[in-house]
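Working notes, beginning with the structure itself.
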Amino acid sequence: DASDYGTDGHEHFMHKEIAEQPDAVRRVLKGRLDERFHTVRLGGLEMDARELREFRRVKILGCGSAYYAGQAGAQFIEEVARIPADAEPASEFRYRNPVIEKDTLYVAVSQSGETYDTLVAVQELKRKGGRVIGLVNAVGSSIARECDGGVYLHAGPEVAVASTKALTNMLVGFALLGLHLGRIRDVSPADGRRLITALQALPEQIEAILDGEPHLAAVAKELAQAPSLFFVGRTRGFPVAREGAQKLKEISYRHAEAYQTSELKHGPLALVGPELPTVAIVPDDELLDRNLGALQEITARSGPLVVVTHDGVDLGVVAGQVITVPKSEPELDPLLLTIPLQLLAYHAALTLGHDVDKPRNLAKSVTVE
Ligand code: G6P
């Protein structure tokens, strides 16, 4: 019951909600993994396999952190299910008079289910005959009611303005949707099994990351001193960087900008030097060497670096603070890579003495235009 929801001995709701993530992930997975057919059961979708196979494209709409979750979700869906997918801020979508395609599956993503921009985008879509499903946390909310079914996120009530457990469950929700869409197309049982095993491992892996909080707090204390920061990542790591920058901005009021690591050399590198730290998302994947190559350019210019990576990665001449997370399957790595960034933002805001749960100028749910 939301009214009973307190901080449970945590200093802030945000901290409590970060700590709740292993259980939140267990809840969103519960009853949805089919270990016999190595697929996913999504009872709320209201569309059968035949209908779902007709879609040629996926378009994800959300605002703020939900939009960044959507970007990560689009990459997962495209990579796993091989359906072209992208995300767009719901607030922009409806104003550009978009073409609504009947073979596009539209997905509205929202924690509260009450974000006005997302709700009106859904209504506009429906007026034009678009098929839209919801990835929504709040059961029975306006967006959930407007959609043609969907996937409830079961993160439980989220109070802190900066989204943590709901965002994590959005990423899991997209993985479930992507795996489902993939397994009714060309994804093999073996690949399905590989991803299901990885999903089941997430709660304990998140616990391991949360155990590293003292180290993350120390790194955050240092980062909080910089007036401006870069967050970089590429492909799967880019939405992670965007969300990390967003979190830091929201609650520490520090300027943070996200770039694709590959774009540094095309402009932003001009700003890099001892005064501007970069938080780099560097998964141990096929882009590792390229990522490290770009980071060497930062080290060569004495730019302070915080590298968020996997155990056992050899950074070579790249110098900086290292934060590691457990390895998942490559497509699911983004989910675990976002977790330490929550704690970096949290401890940066604490260091600076800000109201972590209720940052200035922001509302948990923006229900007006
Ligand atoms: C507000 C909040 C953001 C949130 C966004 C979308 O702007 O300040 O933290 O990401 O709304 O909220 P929703 O409830 O739709 O996920």
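Scan the range 174-194 and report the pairs whose first residue is part of a helix (DSSP H, G or I) and whose second residue is of a type in the set (Ser, Thr, Tyr), with Cβ atoms within less than 9 Å and a gap of 6+ or a chain change.
LEU179/THR39; HIS180/THR39; GLY182/THR39; ARG183/THR39; PRO189/THR39; GLY192/THR39
Taking ALA258, is it closer than 14 Å to PRO334 by Cβ and without any contact (Cβ under 8 Å) to a residue 40 or more places away in the chain?
Values: closer than 14 Å to PRO334 by Cβ: yes; without any contact (Cβ under 8 Å) to a residue 40 or more places away in the chain: yes.
Yes, satisfied.
Answer yes or no as to whether GLU79 is in contact with a helix residue (DSSP H, G or I) (Cβ under 7 Å, 6 or more places away or on another chain), modelled with pLDDT of 95 or more and in a loop (DSSP other than H, G, I, E, B). Explain how you work it out, then say what you get.
On the way: in contact with a helix residue (DSSP H, G or I) (Cβ under 7 Å, 6 or more places away or on another chain): yes; modelled with pLDDT of 95 or more: yes; in a loop (DSSP other than H, G, I, E, B): no.
For GLU79, the condition - in contact with a helix residue (DSSP H, G or I) (Cβ under 7 Å, 6 or more places away or on another chain), modelled with pLDDT of 95 or more and in a loop (DSSP other than H, G, I, E, B) - is not met.
So, ALA74, is that one in a helix (DSSP H, G or I), surrounded by 22 or more Cβ atoms within 10 Å (Cβ to Cβ) and either modelled with pLDDT of 95 or more or touching a Phe, Trp or Tyr at 6+ places or on another chain (Cβ under 8 Å) (or both) or not? I'd like the intermediate steps shown before the answer.
On the way: in a helix (DSSP H, G or I): yes; surrounded by 22 or more Cβ atoms within 10 Å (Cβ to Cβ): yes; either modelled with pLDDT of 95 or more or touching a Phe, Trp or Tyr at 6+ places or on another chain (Cβ under 8 Å) (or both): yes.
So ALA74 fits the description; yes.
Can you tell me which of (1) within 16 Å of the ligand (Cβ to nearest atom); (2) in a helix (DSSP H, G or I); (3) in contact (Cβ under 8 Å) with a residue 12 or more places away in the chain is the one GLU88 doesn't meet?
The number of the failed condition is (2).
Quick one: which residue in VAL151, VAL132 is under 21 Å from ARG183 (Cβ atoms), in a strand (DSSP E or B) and within 16 Å of the ligand (Cβ to nearest atom)? Break it down into steps so the answer makes sense when it comes.
Values: VAL132 fails: under 21 Å from ARG183 (Cβ atoms).
None of the others qualify; the one that does is VAL151.
The values are calculated or read from the model by the stated rules, or taken from the named source; none is laboratory data. All figures in this text were calculated on a predicted structure; none of them were measured in a lab. All Cβ positions, even for glycine, are placed from backbone atoms using ideal geometry, and neighbour counts span all protein chains on display.
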